[in-house]
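These notes are about the structure you will find just below.
The values are calculated or read from the model by the stated rules, or taken from the named source; none is laboratory data. No experiment lies behind these values; they were computed from the predicted model shown. So basically every Cβ, Gly included, is an ideal-geometry build from the backbone, and we count neighbours across all protein chains shown. To get the accessible areas, we keep the full protein, side chains included, count just its heavy atoms, and leave off ligands, DNA and RNA. Shrake-Rupley method; radii C 1.70, N 1.55, O 1.52, S 1.80 Å.
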Amino acid sequence: MQAKTRSVAPYRGRLAPSPTGLLHLGHARTFWTAQERARTHRGVLVLRNEDLDRARCKTEFVEAVFEDLRWFGLEWQEGPDCGGPYGPYSQTERRQFYVAAFERLRAGGWLFRCTCSRQDVLRATQAPHVGEDEPIYPGTCRGRDGSDTESATKATWRFQVPDGEAIEFTDGHYGPQRFVAGKDFGDFIVWRHDDLPSYQLAVVADDTAMGITEVVRGQDLLKSTARQLLLYRALGSAPPDFYHCPLVTDAGGVRLAKRHDSLSLRALRAKGVKPEELRGSALA
Ligand SMILES: [Zn+2]
């Protein structure tokens, strides 16, 4: 008798820091969870350098991020520093993947070209509700195919969401999730006027091409997962699983951001704090 072989793909997780500043405790905790999950599943952890935003990313932060990650006790098996079969591992070197995904979406009729300014969008919508990441796009440019555009990637392109459709998924940490397209989020940008893919498009293209089986990231990206599931469907790719982590807050309950310099790993390390004291749930 033959034992049944597992058809499940081997676990591949990723750490995706953005070198726009020093890493703080919030990032490190999420990355630690990602590493724990990869270890539990005897999987591989990929380091992807999310350096697309040229204006905000700095080379000195790339080095600092790597050093801080190592100090914290994180280890990865593939990355810009050690290579691997799914490279390159820096987003600035992966443009071909983003253009391919963009062209595929455009050819499939999922996108429209948008000429609205940020002020136009704000004027046409009610003020965003508290906690919303962006105002819901009012649909002004829907129906425009953009074939008049000479250089397609030098314009803003949005993904037209299926109004009223509930996007449901089960998060590994938070359980069942449900977001309604057109109500909880609107037509979102996939290509920016400055000729860069949006965050949504870049991570979907990368997670697909890198064979990522589970995405571990902060709770603030739960709603983005609904957007990204629409991209996976339009691209005909199987989405990974998702595991969102609670955000670390400061003593006043405010979410940690890069401006919390005192909680950067650098500052904590300089104060003599040990990484093992920072990995648990209690805030130093
Ligand atoms: Zn528009």
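Checking the condition surrounded by 15 or more Cβ atoms within 10 Å (Cβ to Cβ), in contact with a strand residue (DSSP E or B) (Cβ under 7 Å, 6 or more places away or on another chain), more than 19 Å from Ser117 (Cα to Cα) and among the aromatic types (Phe, Trp, Tyr), which residue from Phe188, Phe169 passes? Talk me through it step by step, then tell me what you get.
Numbers: Phe188 fails: more than 19 Å from Ser117 (Cα to Cα).
The conditions single out Phe169.
Would you check if there is a residue in the range 241-253 being outside any loop (DSSP other than H, G, I, E, B) and loosely packed, with under 14 Cβ neighbours inside 10 Å? Explain how you work it out, then say what you get.
First pass over the range 241-253, keeping only residues outside any loop (DSSP other than H, G, I, E, B): 241-245, 249.
Now restrict to residues that are loosely packed, with under 14 Cβ neighbours inside 10 Å: 249.
Yes.
Failed condition for Ala155, given (1) modelled with pLDDT of 95 or more; (2) within 16 Å of the ligand (Cβ to nearest atom); (3) open to solvent by less than 20 Å² (accessible area, probe 1.4 Å), with all others met?
(1) is the only condition that Ala155 fails.
Pull out all pairs, ordered by first then second residue, where Cβ-Cβ is under 6 Å, the residues are six or more apart or on different chains, the first lies in the range 112-123 and is within 7 Å of the ligand (Cβ to nearest atom), and the second is open to solvent by 40 Å² or more (accessible area, probe 1.4 Å) and of a type in the set (S, T, N, Q).
Cys116/Thr140
Give me a count of the residues in the range 56-94 that are free of Cβ contacts under 8 Å to residues at least 12 places away in the same chain and basic (Lys, Arg).
Number satisfying all stated conditions: 1.
Can you tell me which of Leu196, Leu231 is buried (at least 18 other Cβ atoms within 10 Å of the Cβ), in contact (Cβ under 8 Å) with a residue 60 or more places away in the chain and under 14 Å from the mean Cα position of the chain (by Cα)?
Values: Leu196 fails: under 14 Å from the mean Cα position of the chain (by Cα).
One residue alone meets the criteria, Leu231.
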